[in-house]
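A short worksheet on the structure shown next.
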Amino acid sequence: MVLRIIGYLFGIGAVFFLVIATGIAWYVSGLTQDLPDYDVLAKYEPPVMTRVHAADGQLVAEYARERRLYLPIQAIPDRVKAAFISAEDKNFYQHSGLDYYGIVRALVQNVEAYGRGQRLVGASTITQQVAKNFLLTNERSIDRKIKEAILSLRIEQAYSKDKILELYLNEIFLGLGAYGVAAASLEYFDKSVHELSLAQVAYLAALPKAPNNYNPFRFPARALERRDWVIDRMVENGFATPEEGEAAKKEPIGAKTRTAAPRLFAADYFAEEVRRQLGAMYGEKTLYEGGLSVRTTLDPKIQVLARQALMRGLVKYDTSRGWRGPVRHFDEIGADWGVTVAEVPALADVVEWRLAIVLGVDQKGATVGLQPEREPGTNAVAKERATALVSAAEMKWMRKGSLKVGDVVYVEKTDGPAGEYALRQVPEIEGALVAMDPHTGRVLAMVGGFSFAESEFNRATQAYRQPGSSFKPFVYSAALDNGYTPSSVVMDAPIEIDPGPGQPIWRPENYSQEFYGPSTLRTGIELSRNVMTVRLAQDMGMPLVAEYSRRFGVYDNLPQYLPMALGAGETTVMRMVAGYSVIDNGGRSISPTLIDRIQNRFGQTIFKHDQRICEACDTTAWQNQDEPTIVDNAEQVLDPMTAYQMTSMLEGVVQRGTGTAAKALGKPIAGKTGTT
C-alpha cells in the first residue's frame, strides 16, 4: 500500500516536473527567438575619438561624443586586466559564461540583505556585461537576465576569453565621459595605461559598478575605500604581493582634471579650422566616431610666436586709443572680494592676463585683488587671496581718475618689482596672422583673432576683407608677365575714369594726394602709387588682372572694374598668403593646407596633401641607384623670371619704400603694405 502511494506521488511529481520543464523550455524558446545576433561582436567598430596632432607629434585636440580609445588586448597591460578581473569576475578564465558559484553566493547574500533592508548584489560575469552592453538594454527584468545568460553561453562558445575581455575593457563606461580603460587613464591621470601604478589601476577597476558614486572629486573618501577594496582583491587573487598592496593603499588617488581640447597652447583657432575641414571632408559621424588620426602642419613654437606677435600688435594699437572702461563694476565689493571678482568670467586663453578687482587708488597707483583660482573637480573658489600693485607709471595711458574702487579689470605681471602689474584691456580692434611654407603650402601657424574664448570667428579664413594696396603685386605680376619690365615707365599723373551712365567721374589719388610724373614700375610698387596701378590695369585690361588674381588663388571671380586693381575686392588672409607664396615659389601654384595626412582607425592613410611624384621612393633596397627625384607637378601659373623680378621689387618695398619698418628685423625680407 505504501509503495503504491509512493509510486502514485512519484508519478504525479514526474508529470508536474515534465509540465514545468516543458513550460520553461517553451518560455526560453520564445525568448531565444528574439535574441540579437552576437556575430556583430566580430565586426564591432566602437565610436572612437578623433585625435589631432601637431607636426612634431604633440596632441592638439580630440573630438568625440564618447571619449574612447580602442586598445587591442595585446596592448593592455596585464596589471590592468588583473585589476578588472579581481574586481568584477575573479573566475573569468574558469567559467563558461555564467559563474554558478557566484550566483549561489549572491543569492545567499541577497536573502540576508533583503532581511536587513540592504542593497542587493549581482553576480554578472564579464561575459554577461558584454552581452548586456553590446546586445541588450539596461532594463531590469527577468526576461533580460535570461537573455543575457543565454547570450553569454553562446558568446563564450564563439569567442576567446581574450576577445571578450578586450571588448569589455574598451566599451565599459568609467565616468567623466570616458569609455574604456585607455580613455579613462587619460581622463583621470593624464597617463597612458602603461604608466599607471598599482593604486591607479585599482581605482579604475573600482569604477564600473558606479562611476559617479566613486568620483574622486565629489566623493574622495568613498572612492578611496572602494579602491582599497580592489587592491585587497588583487592581493587575495595573487596579482599583487601584500607588501605592494599596503604600499599602494598609502597612496592618494591622485586624480587630476585633464585639460580640455585643444590641448596645445595658442592652437585654438588652428584646431577649430581643422575640425571644420574634417567635418566637410568626412561628415560629423566620422569626425566624432571614426577614430581618425590627423597629422597637421602646425609648428607649436612658431604658433606661440605668431600669437604673441599679433597680441602685442593689437594691444599696442588699442592702448594708444586710450582707456574705455572696466570689464565690470561692483558698487559693493562685499566682505570677501575674492568671491565677488570670481563671479566675472575671464578669457581662458589669455593666460598672461588675470582679472582683478580694484581695492584702492592713490598717488602710487591702484591696489587690486587678483581673481582666485578654482578648486579642481568641485570648481569652488579657492581660499587663497593675493593682491598686487598697478603702479602709476603703468597707468599713464589712461585719464586720471578713470579707475575706481570696485572696477574689475585685466592686469598683467610686469618685469619690474615682484607683485607689480600693468593694466590691460581687451582690444576692440581685431586681426589675423598666417605663417605658411611658401614651397609646400603647409600652414605652420595661424591666429584668427585676439582671443578664441572671446570670439571663435576665424579672421584668417572666414573674414572677407579688402586687401588694399597689398593686392598690387598681383597686378604688377600680370604686367611683368605680359611685356612690362621693372624699369618700364608709367605716368603718375591725374586721370579721370568714367564708370558709366549716371555714375560720377572717378579720380584716383595717391595716399599723399600728390602726383610724381613718369616713374618706373619698381618705384611704383615700392612707394605704392595708386594712380600708376590704375593706369597699368587700364592698359592691360581688367580681364587680364582678374585672370591672374584667379591663378594666384586670391579671388575666384574678380569683378572687372578698375578700383579692384587697388584691392577693393574682398578676400581672406589665407588666400592672400597663398597668393604671395606663388611668387616665392617660382611661380608655381600653391594649395594651402592645415593637414599633412589622415589615417583611419586601422592606420591606413586616407588623405595626403603632398601629391608630388616620386616613383623611386618606394624602393625597398638600395642597389647603387641614384637618390630618388621628387617631381613637383604643381601648375606653373607665373613665369619664373617674373616671380624673380617681382621678389626683387618687393624687397625694394622693405629697403626703400613703404615697408621700411621691417628692416629692423635684419633679415632679407620681401613684402608689401596695404591700407583700407
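We did not get these values from a lab; they are worked out from the coordinates using the rules stated. The model shown is predicted, which means the values in this text are computed figures rather than measured ones. Every residue, glycine as well, gets a Cβ built from its backbone with ideal geometry; the counts of neighbours run over all protein chains shown.
A simple spin-label model places pseudo-atoms 7 Å from Cα toward Cβ; at residue 335 and residue 635 they are separated by 7.3 nm. With a cut-off of 12 Å between beta carbons, the residues surrounding residue 161 carry a summed charge of -2, where Lys and Arg count +1 and Asp and Glu -1.
Shown here: Rg and Dmax of the Cα atoms in Å, derived from the displayed model; of the candidates (i) 28.1, 92; (ii) 27.0, 91; (iii) 35.5, 140, it corresponds to (iii). Taking other Cβ atoms within 10 Å as a rough exposure proxy, 268, 299, 626, 610 sort from fewest to most as 626, 610, 299, 268. Other residues lying with their Cβ under 14 Å from the Cβ of residue 614 contribute a combined charge of -4, Lys and Arg counting +1, Asp and Glu -1. Given R0 = 25 Å, the distance between the Cβ atoms of residue 243 and residue 210 translates into a calculated FRET efficiency of 0.25.
Between residue 276 and residue 512, full extension at 0.36 nm per residue minus the direct alpha carbon distance yields a gain of 80.6 nm. Distance between the pseudo-spin-label points of residue 485 and residue 656 (7 Å out from Cα toward the beta carbon): 1.6 nm.
Legend: calculated FRET efficiency, residue 219 to residue 190, from the Cβ-Cβ distance at R0 = 22 Å, rounded to 0.05, equals 0.60. Highest-first packing order for the peptide set 445-451, 387-393, 513-519, 534-540 is 445-451, 534-540, 387-393, 513-519, based on the mean count of other beta carbon atoms within 10 Å.
Here the gap between residue 570 and residue 663, fully extended at 0.36 nm per residue and compared with their Cα-Cα distance, gives a gain of 30.6 nm.
How high is the FRET efficiency between residue 316 and residue 344 when r is their beta carbon distance and R₀ equals 35 Å, given to the nearest 0.05? Efficiency for this residue pair is about 0.90. For segment 380-398, the residues whose amide N sits under 20 Å from a probe point set 7 Å from the Cα of residue 362 along the beta carbon direction are 386-396. Across segment 322-424, the convex hull enclosing all Cα atoms gives 108 Å³ per residue. With the simple spin-label model, which puts each label point 7 Å out from Cα in the Cβ direction, the residue 456 to residue 648 separation comes to 5.0 nm. Of the peptides 235-248, 269-282, the ranking by mean beta-carbon count within 10 Å, highest at the top, reads 269-282, 235-248.
Quick one, could you list the DSSP H helices from the chain stretching 30 Å or more along their long axis (Cα atoms) with average Kyte-Doolittle hydropathy of 1.6 or above?
Counting only whole DSSP H runs, the qualifying helices are 2-33.
Taking the Cβ of residue 55 as the center, what net charge do the other residues with Cβ under 12 Å away carry, scoring Lys and Arg +1 and Asp and Glu -1? Computed value for this residue: 0. Equivalent-ellipsoid semi-axes for segment 520-676 (Cα gyration tensor, √(5λ), whole Å, largest first): 37, 20, 16.
Extension gain for the segment residue 250 to residue 430, taken as residue separation times 0.36 nm less the Cα-Cα distance, is 59.5 nm to one decimal.
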